[in-house]
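The values are calculated or read from the model by the stated rules, or taken from the named source; none is laboratory data. Keep in mind the model is a prediction, meaning the values are calculated, not measured. Every residue, glycine among them, receives a Cβ derived from its backbone with ideal geometry; neighbour counts consider all protein chains shown. Remember, those area values only see protein heavy atoms, side chains included, never the ligands or the DNA or RNA. Shrake-Rupley method; radii C 1.70, N 1.55, O 1.52, S 1.80 Å.
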Amino acid sequence: MFQLAYFQMVGAGKARNQDALFDGTAVRQVRLHKTRLSEADDAVQLAVADGVSSSPAAHLASRFWLDAFVREGDAEGRFLRRLHGSFCDTLADEYFGSSSTFASAIVEADGLCRICNVGDSRVYHISAEGRWRQVSHDHTVLADLIEQGEARADTEYADMYYALAHCLIADDEETHFKIFTDSLILQRGEAVLVCSDGLHDALSHERLETLWNASPSLPDKLEALRRAVKRVPYHDDCSVAVCLWQR
């Protein structure tokens, strides 16, 4: 039995949530949903898309990709390339350059978990002991430099290096975005968590683990994360969905 939970919260001072979230049952794009819980016996699909706030219609871009994922998404993200032309046809005339990130996790009944991401929305594997491990790949300028051996992962850099290097853009010339994929096997007591950058930008890795491990139940864990993000000044939109394989 899989236990599923999610929350979604608009950024501080913002009128509209530019994230979209699929919690396994429906696409959500709301100002506030405190943690909600459900269960599943079969395969689980989770996804988030984070509309790039500097683009013209970020909320429409994220919603397009989550609706597309529900209709015809796949674990390897092939649909992202297949439907990019449709994305451009839908938004580019009126909202040229509208952009979004994307991350998904598909968990089979046997625990096989396949992940996919574009941009800096993340997927984490959480061990039964509460250790968090990022299993997605941030498509940022800094990550590209580290991959090329021109920067170090253990060094702090100026904010501009954390800008997106790849995302989904409503421009028919922007077809060379990178798609990261991977897979892992969930064991009982372990979880996979999908989130927009509103979570990991607001809370350090150590803080994420501390809050997760301080709470006994899955709803309590997510509510602790949500409340901690809310207390951060000028926090961004935050969308989180998690699948826990119960012991």
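Name the residues in region 67-107 that are among the charged types (D, E, K, R) and loosely packed, with under 14 Cβ neighbours inside 10 Å, would you?
71, 72, 81, 82, 89, 93, 94
Are any residues in region 45-56 among the small types (Gly, Ala, Ser) and crowded, with 20+ Cβ neighbours inside 10 Å, and if so, which ones? Before the answer, list the steps.
Residues of region 45-56 among the small types (Gly, Ala, Ser): 47, 49, 51, 53-55.
Listed by number, the residues that qualify are 47, 49, 51, 55.
Hey, can you tell me all the residues within region 1-44 that are part of a loop (DSSP other than H, G, I, E, B) and open to solvent by less than 20 Å² (accessible area, probe 1.4 Å)? Please lay out each step first, then the result.
Pass one, region 1-44, residues part of a loop (DSSP other than H, G, I, E, B): 1, 10-18, 23-26, 29-31, 41-43.
Listed by number, the residues that qualify are 10, 11, 17, 23.
Looking only at residues in region 142-169 that are in a helix (DSSP H, G or I) and open to solvent by 50 Å² or more (accessible area, probe 1.4 Å), which one is nearest to residue 64 (Cα to Cα)?
At the first step, the residues of region 142-169 found to be in a helix (DSSP H, G or I) are 142-147, 159-162.
With open to solvent by 50 Å² or more (accessible area, probe 1.4 Å) added as a condition, the list becomes 146-147, 159-162.
Numbers: 146: 31, 147: 30, 159: 29, 160: 28, 161: 28, 162: 25 Å.
Taking the candidates together, the pick is 162.
Which residues, taken from region 24-75, are closer than 16 Å to residue 91 by Cβ and of a type in the set (Phe, Trp, Tyr)?
Of everything in region 24-75, those that are closer than 16 Å to residue 91 by Cβ and of a type in the set (Phe, Trp, Tyr) turn out to be 64, 65.
Identify, please: which residue in region 122-143 is of a type in the set (Lys, Arg) and more than 14 Å from residue 244 (Cα to Cα) and is, among those, farthest from the chain's Cα centre (by Cα)?
Pass one, region 122-143, residues of a type in the set (Lys, Arg): 122, 131, 133.
Add one more test, that the residue is more than 14 Å from residue 244 (Cα to Cα), and what stays is 122, 133.
Numbers: 122: 5, 133: 14 Å.
Among residues in region 122-143 that are of a type in the set (Lys, Arg) and more than 14 Å from residue 244 (Cα to Cα), the one farthest from the chain's Cα centre (by Cα) is 133.
For region 207-232, what are the residues that are modelled with pLDDT of 95 or more and not in a helix (DSSP H, G or I)?
217, 231, 232, listed by residue number.
Against the condition surrounded by 14 or more Cβ atoms within 10 Å (Cβ to Cβ) and under 25 Å from residue 63 (Cα atoms), how does residue 218 come out, does it pass?
no
For residue 181, are the conditions met, namely being exposed (fewer than 14 other Cβ atoms within 10 Å of the Cβ) and either over 14 Å from the mean Cα position of the chain (by Cα) or under 17 Å from residue 45 (Cα atoms) (or both)?
No, not satisfied.
Would you mind stating whether residue 124 is open to solvent by 20 Å² or more (accessible area, probe 1.4 Å) and either under 22 Å from residue 165 (Cα atoms) or without any contact (Cβ under 8 Å) to a residue 12 or more places away in the chain (or both)?
In short, no.
Anything in region 39-70 that is polar (S, T, N, Q) and modelled with pLDDT under 95? List them, or say none.
53, 54
Could you list, in sequence order, all residues of region 127-172 that are free of Cβ contacts under 8 Å to residues at least 12 places away in the same chain and under 22 Å from residue 185 (Cβ atoms)?
129, 133
Quick test of your reading of the structure: residue 172 fulfils all but one of (1) outside any loop (DSSP other than H, G, I, E, B); (2) at pLDDT 90 or above. Name the failing condition by number.
Unmet for residue 172, out of (1) outside any loop (DSSP other than H, G, I, E, B); (2) at pLDDT 90 or above: (1).
Name every residue in region 127-141 that is small (Gly, Ala, Ser) and open to solvent by 20 Å² or more (accessible area, probe 1.4 Å), in order of residue number. Let's see the steps before the verdict.
Kept after step one, since they are small (Gly, Ala, Ser), are these residues of region 127-141: 127-128, 130, 136.
128, the sole residue that qualifies.
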